[in-house]
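Notes follow the structure.
Here, each number is a calculation from the coordinates, and none is a lab measurement. Note that this is a predicted model, so its numbers are computed, not measured. In this analysis, Cβ positions are derived from the backbone assuming ideal geometry, glycine residues included, and neighbour counts consider all displayed protein chains.
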Amino acid sequence: MSSPAPMMASETTAARLLDLRTPQFLKLVDDGHLPPGREIAPGVVRWDTETLKRLLKGEGAEMWDRIQW
């Protein structure tokens with residue numbers, strides 16, 4: 001039985017889900033091409049995997065205001 005996909009992903013896991021290296025993923029976030037992570041506890045930043053999936057499918061129009069261009 002395979003492990004379930006995480007609901008929230010670290011920068012490394014989020015990058016892996018998008019088939020990117022972590023530095024590439026973080027550059028896309030820093031450049032505003034991907035949404036920033038959320039601090040879910042002090043010093044713990046995670047990305048919502050469903051948000052990433054919807055955004056990459058073109059279904060994330062309501063998220064564009066959170067991305068800096």
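Observations
- Taking a Cβ cut-off of under 12 Å around Lys27, the surrounding Lys, Arg, Asp and Glu residues balance to a net charge of -2, with basic ones at +1 and acidic ones at -1.
- Added length on full extension, which subtracts the Cα-Cα distance from 0.36 nm per residue, Arg16 to Ser3: 3.2 nm
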